[in-house]
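The values are calculated or read from the model by the stated rules, or taken from the named source; none is laboratory data. Model, not experiment: these values are computed from the prediction. Virtual Cβ from ideal backbone geometry, glycine too; neighbours counted across all protein chains shown.
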Amino acid sequence: MTAAVELTDAAVRLGGRTIWSDVDLLVPEGEFVAILGPNGAGKSTLLNVLLGLLRLDRGRAQVLGGAPGAHNERIGYLPQRRVFDAGTRVRGVDMVRLGLDGHRWGLPLPAVGRFGARSREARERVQEAIERVGAGTYAGRPIGECSGGEQQRLLIAQALVHDPRMLILDEPLDGLDLPNQAAVAALVQGICRSAGVTVLLVAHDVNPLLPYVDRVLYLAGGHAAMGPVEEVVTSDTLSGLYGAPIEVLRTTDGRLVVVGQPEAPHLHGPRHVLR
Amino acid sequence: MNPHLTFNLVSDVHQLLAYQFMVNALQAAGIVAVTAAVVGWFMVVRAETFAGHTLSMMSFPGAAAAALAGLPLAWGYFAFCGVGALVIAGSSSRRGRPRSLGRQSAVVGMVGAGALAVGYLLLSLYGGVLESLETLLFGSIFGVTRGEVLTLAIVGVCAIAFLVVVGRPLLFASVDRSLAAAGGVPVGLLSAGFLFVLGLAVAATAQITGVLLVFALLLAPAAIARELTPRIGLGLALSVLLGLVIAWVGLGLSYFTNDPAGFFVTSIALALFAAARLARGGLAGGLRGRGAAGGRHGGGLHGLDAAGGRPDAHHGHAASLPHPAGGH
């Protein structure tokens with residue numbers, strides 16, 4: 001099996017501060033990996049490295065068999081949660097379409113005449129992506145009028161529409177209610193399994209993902225641990241990462257509760273920059 | 001023969017086209033209406049209405065400077081609106097940082113205040129009142145020459161050609177800047193380029209409607225179209241159609257009544273906008289009623305839950321703490 005993502009002895013510095021170091025990461029193709037950790041641990045920084053938007057300070061990185069950024073057209077990326085307010089009068093189906101050809105020069109008009117065949121193919125791909133996420137009933141409405149869960153499904157369709165080999169989803173569950181968190185996690189797992197798409201999903205809370213992820217990468221205290229949930233989200237591993245006593249409790253219904261976790265300062269919290 | 005409005009449309013149009021000055025006016029208004037409708041549609045999508053308003057104020061020092069230098073007023077309009085757009089673009093974006101509407105609106109406001117102050121100074125240097133101050137503020141559509149029509153046509157074609165080339169990535173960057181940037185769209189360059197084209201469109205429009213009534217042709221058609229449809233192609237087409245109707249009907253009414261064109265153009269725009277708001281309000285009310293009856297929100301979601309096979313063990317989320325934050 002080939003590796004979709006490989007980091008060796010990687011380290012990143014931002015503004016003179018080392019965000020994380022000594023990170024080794026190997027994600028085989030077709031695996032569903034959750035990236036966990038407290039605010040400011042460098043989760044989004046890691047995604048920026050994989051997308052080639054940020055250079056490593058030390059170590060090597062390979063993404064889909066090339067340098068980071070070399071194969072971005074084969075990656076479906078969903079940036080940290082963007083909420084479209086009620087005034088956003090662009091239909092969901094047009095948003096998805098922008099994921100397919102929004103970066104190309106030209107008019108955002110439905111092509112006519114001799115471009116008919118290409119335009120029809122594009123429309124079919126958009127429709128297919130919308131059906132894969134089950135957004136058919138509301139894709140024709142302005143995206144600003146859709147609920148948070150509906151918007152998130154449409155954005156996943158947007159990331160899927162060019163048939164990527166890998167999905168990079170930055171906190172797709174953030175701001176959703178619990179049934180919607182589980183539904184979106186199940187949807188992402190379904191895409192991963194049925195099409196063999198590698199998925200890297202950044203999350204705050206591991207619990208909605210427990211039944212679906214293959215492995216987790218936990219970033220904390222400037223270091224990372226990777227493995228199955230039951231090996232990584234443990235008192236020992238997390239205490240080692242934080243360098244402070246952490247306790248992981250398991251509730252009777254199987255949920256994990258992390259106690260004693262110090263929140264990192266919000267120094268470079270990307271959510272503050274983006275909004 | 002004084003023109004008078006009849007119920008015979010053919011005769012009315014015949015009367016409208018009887019004089020060359022009126023033909024010029026209708027052509028100029030048509031060109032400006034189409035340009036402003038297309039540029040205005042993007043302005044509304046990008047939420048840069050305030051920038052558009054401020055750029056229209058740049059026409060005032062532009063006209064005063066041109067008068068002072070003894071140049072055609074139109075040159076002053078284009079030069080000052082274009083430079084104003086570049087100033088706004090340059091100072092409201094910072095390298096590597098996303099666009100911030102808050103920072104942009106502060107810059108835009110200061111540019112507007114500066115424009116009016118400079119205009120006032122230039123006016124007093126000019127030595128008294130610009131004889132066309134009222135024209136500057138409220139437009140002078142009936143005095144348009146052939147040469148001016150040609151200038152407007154060239155500017156209009158350039159503005160629309162620019163948008164034809166960059167329209168799609170510009171829309172992408174407008175609705176979803178971070179994703180567009182990740183996809184390789186030069187978002188900073190596009191946003192500066194659009195502001196410049198907006199400046200040109202404003203300068204062209206201000207020559208027809210005057211500085212104060214620019215929004216009748218720049219904002220109203222696009223805003224009405226977006227009330228009526230969220231579709232992109234249809235919205236742009238509607239915007240252009242509405243712009244032409246507002247401009248030509250307004251001019252026609254002014255011609256037949258001898259009252260100012262700016263008043264009619266703006267009143268028609270306002271009336272159509274109010275009607276569109278009311279129509280959409282009624283429509284949305286009807287949809288909500290239907291949605292409540294059919295349970296449109298719940299259906300899709302639970303359907304997906306079932307398909308995803310969510311294990312029952314995890315139904316207990318709602319009762320538990322979301323995420324532990326700093327226990328000690």
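Within the range A:228-235, is there a residue that is of a type in the set (Ser, Thr, Tyr), in a helix (DSSP H, G or I) and touching an Asp or Glu at 6+ places or on another chain (Cβ under 8 Å)?
Yes - at least one qualifying residue is present in the range A:228-235.
When residues of the range A:1-29 are filtered for being in contact with a helix residue (DSSP H, G or I) (Cβ under 7 Å, 6 or more places away or on another chain) and within 21 Å of A:Asp214 (Cβ to Cβ), how many remain?
Summing the residues that are in contact with a helix residue (DSSP H, G or I) (Cβ under 7 Å, 6 or more places away or on another chain) and within 21 Å of A:Asp214 (Cβ to Cβ) in the range A:1-29 gives 1.
Would you point out the residue of the range B:40-75, among those that are of a type outside the set (A, V, I, L, M) and without any contact (Cβ under 8 Å) to a residue 40 or more places away in the chain, that is surrounded by the fewest Cβ atoms within 10 Å (Cβ to Cβ)?
Taking the candidates together, the pick is B:Gly70.
Given the criterion of a type in the set (A, V, I, L, M, F, W, C), at pLDDT below 85 and surrounded by 14 or more Cβ atoms within 10 Å (Cβ to Cβ), identify the matching residue among B:Leu301, B:Leu234.
B:Leu301
Of everything in the range A:75-94, what is more than 7 Å from every other protein chain (Cβ to nearest Cβ), aliphatic (A, V, I, L, M) and over 20 Å from B:Pro186 (Cβ atoms)? Give them in sequence order.
Once the filter is applied, which keeps residues that are more than 7 Å from every other protein chain (Cβ to nearest Cβ), aliphatic (A, V, I, L, M) and over 20 Å from B:Pro186 (Cβ atoms), the range A:75-94 yields A:Leu78, A:Val83, A:Ala86, A:Val93.
Here's a check for you: in the range A:221-240, which residue that is touching a residue at least 12 places away in the same chain (Cβ under 8 Å) and either closer than 13 Å to A:Leu46 by Cβ or in contact with a Pro (Cβ under 7 Å, 6 or more places away or on another chain) (or both) is surrounded by the most Cβ atoms within 10 Å (Cβ to Cβ)?
By that ranking, first place goes to A:Ala224.
Among residues belonging to the range A:197-220 that are touching a Pro at 6+ places or on another chain (Cβ under 7 Å), crowded, with 21+ Cβ neighbours inside 10 Å and in a strand (DSSP E or B), point out the one that is nearest to the other protein chains (Cβ to nearest Cβ).
This residue is A:Ala220.
So, in the range A:25-60, how many residues would count as being surrounded by fewer than 21 Cβ atoms within 10 Å (Cβ to Cβ) and among the small types (Gly, Ala, Ser)?
Looking only at that region, the number is 4.
Mind telling me which of the residues A:Ser44, A:Ser21 ends up being polar (S, T, N, Q), touching a strand residue (DSSP E or B) at 6+ places or on another chain (Cβ under 7 Å) and part of a strand (DSSP E or B)?
Every option except A:Ser21 fails the conditions.
Please find, within the range A:67-107, the residue that is modelled with the highest pLDDT out of those that are part of a loop (DSSP other than H, G, I, E, B), surrounded by fewer than 16 Cβ atoms within 10 Å (Cβ to Cβ) and within 20 Å of the chain's Cα centre (by Cα).
A:Ala67
Here are A:Gly140, A:Gly190: which of them is among the small types (Gly, Ala, Ser), within 20 Å of A:Arg125 (Cα to Cα) and in the same structural domain as A:Ala3 (by TED's automatic domain parsing)?
The unique qualifying residue is A:Gly190.
Looking at A:Ser194 and the list (1) without any contact (Cβ under 8 Å) to a residue 24 or more places away in the chain; (2) surrounded by fewer than 21 Cβ atoms within 10 Å (Cβ to Cβ); (3) over 20 Å from the mean Cα position of the chain (by Cα); (4) away from every other protein chain (no Cβ under 11 Å), which single condition is not satisfied?
Condition (3) is where A:Ser194 drops out.
Looking at this structure, is B:Leu195 within 14 Å of another protein chain (Cβ to nearest Cβ), part of a helix (DSSP H, G or I) and either modelled with pLDDT of 85 or more or closer than 24 Å to B:Ala28 by Cβ (or both)?
Criteria not met by B:Leu195.
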